[in-house]
Every structure is written in C-alpha cells, then in structure tokens.
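The values are calculated or read from the model by the stated rules, or taken from the named source; none is laboratory data. Everything numeric here is computed off the predicted structure, so don't read it as measured data. Cβ placement follows ideal geometry from the backbone for every residue including glycine, while neighbour counts extend to all protein chains displayed. The area values use the complete protein model at the heavy-atom level, side chains included, leaving out ligands, DNA and RNA. Shrake-Rupley method; radii C 1.70, N 1.55, O 1.52, S 1.80 Å.
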Amino acid sequence: MITVTILTRNSKKYLQEVLEAAKDFDEVLIYDTGSSDNTLEIAQRFPNVRICHDTFQGFGETHNRASNAAKNDWILSIDSDEVVTPQMLKEIKALALDPECVYSFPRHNFYRKKWIRWCGWYPDRQIRLYNRTKTRFTEAKVHEAVIATNCTHVPLQGAIRHYSYESIHDFLSKMQIYSDLFAKQYKGKKTSSPLKAIMHGWAAFFKSYILKRGFLGGYEGFLISAYNGHTAFYKYLKLYEANK
C-alpha cells in the first residue's frame, strides 16, 4: 500500500485534478500548513483523503512530518500542482516494490499550458517514491530532495505533469519564497556579497539560456532564464543582508 503525501497551503487551483488522478491510491494525506481558501473543502470530497494540520517549517522538514503521519510505509510525495499521469499510475501499479530502492519520475513542466523542454526543465527527473523506513527527505528549507544514499535508484518512465507557473506573478511570488528560505537556511553558514549576488545571477542566466538551451524556447526560454538569474541574484543578496 502507498500513501500519497501532498503539502498544501491555499492550493485550490489544481487540487481537484491532482486528487482525481490520485483516487486509486490507498491513502492521500493532505498536510496543510494554514490554508484560508477552499483547499480543505476540495480535499474533503475524496474518500481516500485524510487531512493533517501543522505549521510550515521549511520544505524538507515538513515533507518528513507528512511522511511520519502517513499510515503506510511507502510514500509517493507530490506537490499540490503535480498530477499523476495514467502512464505513471500504471507503472507504479506494476512494480514489485523493494524497500532498498527509491523510484524516480521525469516531470513535464508547464508554463501557461505550454510544455517547457529547455532551461533544465526537462527531463527534470525527481525521486518521489520511497520507503520511509529506509530513507527520507533532506532537512533543507528549500530545494529539498529524497536521500538516495545507500539505496538503489530505479528510474521510471511515466511522467509527473507539473503546472509550474501560470504567469509572471507566479515567478515573482516563488522567487520571494525561495530566496527568503535560502537566506534563512544559509545565514551564518555561507558568505555572500553584492558582487557574489551579481556573479551568481549572471551564471544562472547563462547556464539556463545557453548551456541548457533556453534560447531554443523563444519568449518562454528567455523568461525562465531571466527568472533563474534573478532568483540566484536575490538569494545571495538576501543572504548578504541576513549575515550583516
């Protein structure tokens, strides 16, 4: 049996589709950190959904709290804007799950309903299916990941559909969240300066637009590369201020 864990906070936009796609799983655990919209009302429509409430402590720690609250040892962790595709579900059902293994899936990331295959957004493989008795997420506040050390990594082919961003507003909102968490995570542990912020910003743009072929993506490729550059710039600028 598998528990699907989903962290939510004002996540109504895609939740109906997300939960419809997960209705074949034994349990879906909605781990809510303070929704004020109708996220919980949507979740309550599904008989396999259980809701837990907590405060947000950074992505890694909150993922692990959700995992600990699940009734099953096997955890499929997805975001509230990620949809299990039929191919992915079929592949999971056919697995002979091995606790010594972790399983990864490619992600199809979308911007304004367009599948983005540049800027490092594809295949964007993510380890999301694991046994909690053997491993867990890192405790990172942002850019958390399932720890694969001492586990066998099994790459699967069924993709997660990820509605990453719908507008420039989404980019700016997430940039604020990620840069704040980065500064909080590395305060007093990593040095920074305005010059470092500029260098990291330009390096992130160059990597995304040139090395990861964002230039092939037209407007979207440029926009995403600019977002990556700005996020890196403000991460290190906020860290510089946090360290002062």
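Here are some notes:
- Taking first residues from the stretch 220-244 that are among the hydroxyl-bearing types (Ser, Thr, Tyr) and open to solvent by 40 Å² or more (accessible area, probe 1.4 Å) and partners that are outside any helix (DSSP H, G or I) and modelled with pLDDT of 95 or more, the Cβ contacts under 7 Å between residues at least 6 apart in sequence or on separate chains come to Tyr240/Ser192; Tyr240/Ser193.
- Test: residue in the stretch 66-77 that is under 21 Å from Ile177 (Cα atoms) and touching a helix residue (DSSP H, G or I) at 6+ places or on another chain (Cβ under 9 Å): yes
- Scanning the stretch 117-130 for residues that are among the hydrophobic types (A, V, I, L, M, F, W, C) and under 25 Å from Val4 (Cβ atoms) gives Trp121, Ile127, Leu129.
- Of all residues in the stretch 108-128, those satisfying the criterion of being outside any loop (DSSP other than H, G, I, E, B) and either open to solvent by less than 30 Å² (accessible area, probe 1.4 Å) or among the β-branched types (Val, Ile, Thr) (or both) are Asn109, Tyr111, Ile127, Arg128.
- On the stretch given as the stretch 165-175, residues that are open to solvent by 70 Å² or more (accessible area, probe 1.4 Å) and not hydrophobic (A, V, I, L, M, F, W, C) total 1.
- Cβ-Cβ contacts under 7 Å between residues 6 or more apart (or on different chains), taken from a first residue in the stretch 115-132 that is within 12 Å of Phe105 (Cα to Cα) to a second residue that is small (Gly, Ala, Ser) and open to solvent by 30 Å² or more (accessible area, probe 1.4 Å), are listed as Ile127/Ala145; Ile127/Ala148.
- Segments classed as strands (runs of 3 or more DSSP E), wholly inside the stretch 1-107, with at least 1 members that are surrounded by 15 or more Cβ atoms within 10 Å (Cβ to Cβ), touching a residue at least 24 places away in the same chain (Cβ under 8 Å) and within 17 Å of the chain's Cα centre (by Cα): 2-8, 27-32, 74-79, 82-84, 101-105
- Residues located in the stretch 209-230, provided they are closer than 18 Å to Ile177 by Cβ and in contact with a Ser or Thr (Cβ under 6 Å, 6 or more places away or on another chain): Asn228
- Residue list for the stretch 143-164, filter: more than 22 Å from Ala22 (Cβ to Cβ) and surrounded by 18 or more Cβ atoms within 10 Å (Cβ to Cβ): Cys151
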